[in-house]
Protein chains: 2
Amino acid sequence: MDKPKWVTMKDVADRANVGKITVSRVIRTPEKVSQETRRRVEDVIRELGYVPDETAGALSSNRSRVIGALVSTLSDSVFASTIEGLSRTLRQSGYELLLSKTDYEPELETAAIRTLLGRRPDGLVLSSTDHTDSALKLLASSGVPVVEIWQLPDHPIDHVVGFSNYHAGRTVTDYLIQSSRQRIAFIGTSRAGDRRGKRRAEGYRDALMNSGLGEALYIDGDLSFSSDADIGASGFAQALTRWPDLDAVVCVSDPVAMGAICEASRRGIQIPGQMAITGFGGLELARESALNLTTIEFPGQKIGKVAAEILVDPEQNERKNIVDLGFNLVRRGTA
Amino acid sequence: MDKPKWVTMKDVADRANVGKITVSRVIRTPEKVSQETRRRVEDVIRELGYVPDETAGALSSNRSRVIGALVSTLSDSVFASTIEGLSRTLRQSGYELLLSKTDYEPELETAAIRTLLGRRPDGLVLSSTDHTDSALKLLASSGVPVVEIWQLPDHPIDHVVGFSNYHAGRTVTDYLIQSSRQRIAFIGTSRAGDRRGKRRAEGYRDALMNSGLGEALYIDGDLSFSSDADIGASGFAQALTRWPDLDAVVCVSDPVAMGAICEASRRGIQIPGQMAITGFGGLELARESALNLTTIEFPGQKIGKVAAEILVDPEQNERKNIVDLGFNLVRRGTA
DNA sequence: AAATCTGATGGTATCGATACCATTGCCACA
DNA sequence: TGTGGCAATGGTATCGATACCATCAGATTT
């Protein structure tokens with residue numbers, strides 16, 4: 001016995017003395033079947049341990065009940081929470097999640113989109129907003145509803161759920177300026193294909209320009225370090241070399257901020273007295289009982305939830321949804 | 001036009017003046033088609049933007065090229081790395097990942113297994129090792145290969161890839177004992193269905209027993225806190241109340257350890273001078289440039305990779321694989 | 001009493017691929 | 001010259017469900 005034999009709908013039907021179609025109705029639209037028949041069929045289903053073959057169902061109904069999601073990386077825990085939100089909401093509506101990764105590379109994304117489309121998903125969630133031409137063509141001709149998440153793109157494909165990284169960067173920088181900080185640097189990690197960090201940096205720059213505070217200092221994290229915290233530590237050191245009178249740094253993410261904080265305390269620099277440090281992300285480790293980091297929090301889980309709701313609800317699917325869920329400047333102990 | 005029209009294999013075949021089956025061969029087994037025909041078909045595929053319908057293929061070939069994965073939670077970044085490993089390896093072999101979550105609840109897991117089986121996956125990866133009877137029955141009768149990961153279970157269903165949490169707990173405790181620590185407490189979070197933490201605690205207990213150091217102190221983290229770091233902070237405070245002469249704590253995870261460290265520094269307790277603190281997990285934040293935490297590291301990504309390889313390779317699939325990937329005690333600054 | 005409706009059920013075609021077997025043409029070898 | 005083998009390709013049945021339409025009994029309407 002190499003191939004496991006699955007119980008089919010016909011097996012159930014025969015055993016319960018009904019037509020296949022009635023079994024199908026018991027599963028999909030129970031209200032259309034008489035109480036008595038339903039009970040009988042349900043008993044047989046349990047008895048035989050019948051598990052409907054969704055792939056067959058997908059083929060004939062032209063609905064797969066699968067949503068494909070494409071994320072840049074899973075390591076970043078902010079993505080993890082979005083996946084959580086997606087997963088939970090989808091399951092509640094009887095959908096499932098097909099997950100793929102792009103590693104921030106548009107080429108890989110294109111390939112992944114193609115593979116995902118091969119499964120005929122009822123919707124697609126894309127965490128990146130930079131797409132190749134062939135990816136766009138593929139998406140357009142497939143007609144599959146798409147939700148882009150995290151960043152509000154300039155030219156949305158279809159639906160969007162996210163927030164403005166630009167405004168987030170600007171907001172946190174404005175806050176530092178209002179707190180009388182004079183020399184504010186930005187520590188980023190310029191991964192290709194990651195527009196989010198760049199947009200935050202742009203917000204930072206514009207806030208400085210606007211305030212007349214003058215010169216901006218963008219430190220490009222050394223990607224040869226394996227962890228973002230390492231990048232933050234070395235970036236902070238660099239910034240201090242360039243600007244000895246540095247009194248604030250805006251970090252592109254919470255882990256980077258963590259590295260910066262550690263480096264600062266290693267040098268005996270007092271936070272927030274001599275130095276203000278801010279992050280992005282609302283990671284758990286940023287909380288009061290841990291880093292106590294002043295940071296921008298995003299509703300990661302909610303982004304996933306809302307994206308799922310749009311895709312699942314045929315009505316919402318009609319129109320283009322652009323949802324800005326905003327962000328929150330959380331003031332804690334580091335700035 | 002409500003329903004998008006997909007290009008089918010027949011469309012391609014007609015256009016290229018061949019039979020459908022030849023198109024199928026061009027895609028699955030190109031070497032069986034003459035060079036010239038292949039080129040012609042490939043041109044048409046590109047021209048029409050044909051994307052094969054994998055669900056249909058799955059139905060007729062009885063192979064879905066889908067692997068279902070069931071994880072307790074995604075928030076924990078150690079799981080994230082496993083998913084990364086899985087995802088990467090599967091994609092390389094032309095498989096895809098269907099993801100579901102159990103939230104540490106066996107009931108939810110059972111339901112999720114049923115739904116996953118509905119998609120007729122070629123394999124299943126389970127991150128938990130506690131299963132309900134009906135889940136076990138379902139798995140057995142489906143005949144789908146299963147890999148249990150992370151914890152080496154007492155009664156494996158099929159394949160296993162993981163390491164011994166018990167030994168990990170024992171190893172780190174032994175290390176503390178050898179470092180002349182006298183009063184060692186354990187801070188855990190007893191989530192239902194999470195055997196891993198319990199096994200670590202058992203290792204801790206046995207290490208103490210064995211050394212003749214006497215009394216163990218197990219602090220059960222207050223789950224009403226939303227973050228593990230908060231649990232660590234409050235757990236540490238509790239431990240100190242019970243044992244004022246405390247000089248070491250074994251924390252069930254890195255975030256918990258982080259909370260404990262912060263609480264310690266808030267109280268002016270010196271680490272590692274007065275107090276040793278260890279974690280579990282090898283999180284990024286534990287690294288040198290950040291927490292500099294002494295901890296047990298697991299090969300999270302590799303677990304995913306190996307699990308995927310077992311499921312994808314028909315040969316390995318034959319026999320039961322029990323793979324112990326071990327762990328690593330990483331000595332850093334906190335113990 | 002005939003016509004109409006409604007709820008419950010079944011039959012058949014169909015979704016888009018692959019499996020399996022058949023066919024064709026060509027070459028090599030006895 | 002005939003036979004066997006092989007490479008390339010095609011035809012048809014099939015996978016397991018759902019869509020669509022048909023049927024039929026019994027109730028309701030006129």
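Every number in this text was worked out from the coordinates using simple rules, so none of it is lab data. What you see is a predicted model; the values in this text were computed from it and never measured. Don't worry about glycine lacking a Cβ; one is built from the backbone with ideal geometry, like all the others, and counts go over all protein chains shown.
Among the lysines, select those whose C-alpha is under 23 Å from the C-alpha of A:K10, and discard any that sit fewer than 8 residues away in the same chain. A:K10 reaches A:K20, A:K32, B:K137. Bridgeable lysines around B:K302 (alpha carbons under 28 Å apart, same-chain partners fewer than 8 residues away excluded): A:K101, B:K101, B:K198, B:K320.
Taking every alpha-carbon pair in region B:219-335 and binning the separations at 5 Å intervals from zero gives 2, 11, 19, 18, 14, 10, 8, 7, 6, 3, 2, 0 percent.
Other chains near B:277-287: what is the mean number of their Cβ atoms within 10 Å of each residue's Cβ? Please list the in-between numbers first.
Details: counts 0, 0, 0, 0, 0, 0, 5, 11, 13, 2, 11.
What the average comes to for B:277-287 is 4.
Qualifying trypsin sites (Lys or Arg not before Pro) in region A:20-92, where qualification requires a DSSP coil assignment and no more than 15 other C-beta atoms within 10 Å, comprise A:R63. Each Cα pair under 8 Å and six or more residues apart adds its sequence gap; the mean of these over the residue count of region A:222-335 is a relative contact order of 24 percent. Taken over region B:87-159, the percentage of Cα pairs per 5 Å bin, counting from 0 up to the bin with the maximum distance, is 3, 15, 28, 28, 17, 7, 1.
Which GluC sites (Glu not before Pro) does region B:142-219 hold that lie in a coil by DSSP with at most 15 other beta carbons within 10 Å? Numbers along the way, then the final one.
Values: sites: B:E148, B:E202, B:E215; in loops: B:E215.
Of the GluC sites (Glu not before Pro), the ones in loops of region B:142-219 whose Cβ has at most 15 other Cβ atoms within 10 Å are B:E215.
Give the long-range amide H neighbours of A:R119: residues separated by 5 or more places, or on another chain, with amide H under 5 Å away, using H modelled in the peptide plane at 1.01 Å from N. Counting only residues 5 or more places away or on other chains, the set is B:E54.
Annotation: amide H of A:I322 within the under-5 Å range of A:V160, sequence separation 5 or more or interchain, hydrogens built in the peptide plane. For chain B, the calculated P(r) over all alpha carbon pairs, in 10 Å bins from 0 to the bin holding the longest distance, is 5, 22, 25, 19, 13, 8, 5, 2, 0 percent. For region B:229-269, the Cβ-based charge dipole about the Cα centre amounts to some 120 debye (Lys, Arg positive; Asp, Glu negative; other atoms uncharged). Whole-Hz Karplus values for region A:25-31 come out as 5, 4, 7, 8, 9, x, 5 Hz, taken residue by residue from phi with 6.51 cos²θ - 1.76 cosθ + 1.60 and θ = phi - 60°; glycine and proline positions read x. Here the contact order of chain B, divided by its residue count and restricted to Cα pairs under 8 Å and six or more residues apart, works out to 16 percent.
In order along region B:203-217, phi translates into HN-Hα couplings of x, 4, 4, 5, 4, 5, 3, 4, 7, x, 6, x, 2, 9, 10 Hz, rounded to whole numbers, per the Karplus curve 6.51 cos²θ - 1.76 cosθ + 1.60 with θ = phi - 60° and x for Gly and Pro. With the simple spin-label model, which puts each label point 7 Å out from Cα in the Cβ direction, the A:D154 to B:T73 separation comes to 4.0 nm. Report the paramagnetic label zone for B:S179: residues of region B:285-302 whose backbone N is under 11 Å from a point 7 Å from Cα along the Cα-to-Cβ axis. B:293-296, by backbone N distance to the label point.
Which whole-number percent is the relative contact order of region B:226-273 (Cα, under 8 Å, 6+ apart)? Mind showing how you got there, number by number?
Values: 42 pairs, mean separation 23.5, N = 48.
Relative CO of region B:226-273 lands at 49 percent.
The GNM of chain A, with springs linking C-alpha atoms under 10 angstrom apart, assigns the highest mean-square fluctuation among A:D76, A:D43, A:D133 to A:D43. Near the amide H of B:V252, within less than 5 Å, lie the amide hydrogens of B:I187, all on another chain or at least 5 residues away, with H placed in the peptide plane. Taking the number of Cβ atoms within 10 Å of each Cβ as an exposure proxy, the fewest-first ranking of A:H131, A:H155 is A:H155, A:H131. Take the Cβ atoms of B:M209 and B:L329, set R0 to 22 Å, and the FRET efficiency comes out at 0.65. Expressed in nm², what is the orientationally averaged projection area of the convex hull enclosing the Cα positions of the protein assembly as shown? Quarter of the Cα hull surface area: 33.0 nm². In order along region A:305-316, phi translates into HN-Hα couplings of 4, 5, 4, 4, 4, 4, 5, 7, 8, x, 5, 5 Hz, rounded to whole numbers, per the Karplus curve 6.51 cos²θ - 1.76 cosθ + 1.60 with θ = phi - 60° and x for Gly and Pro.
Per-residue mean of other chain beta-carbon atoms within 10 angstrom of the beta-carbon, peptide B:261-267? Walk me through the numbers on the way to the answer.
Working: counts 1, 7, 2, 0, 1, 2, 0.
Mean partner shielding for this stretch: 2.
Annotation for B:D11, label-to-label distances across the other copies: 3.6 nm (shortest first, one decimal, point 7 Å from Cα along Cα→Cβ).
Highest mobility in the GNM of chain B, judged by mean-square fluctuation with C-alpha springs under 10 Å and restricted to B:S190, B:S34, B:S227, is found for B:S34. From the Kirkwood radius over Cα pairs of region B:173-266, Stokes-Einstein at 25 °C and 0.890 mPa s returns a whole-number translational diffusion coefficient of 187 µm²/s.
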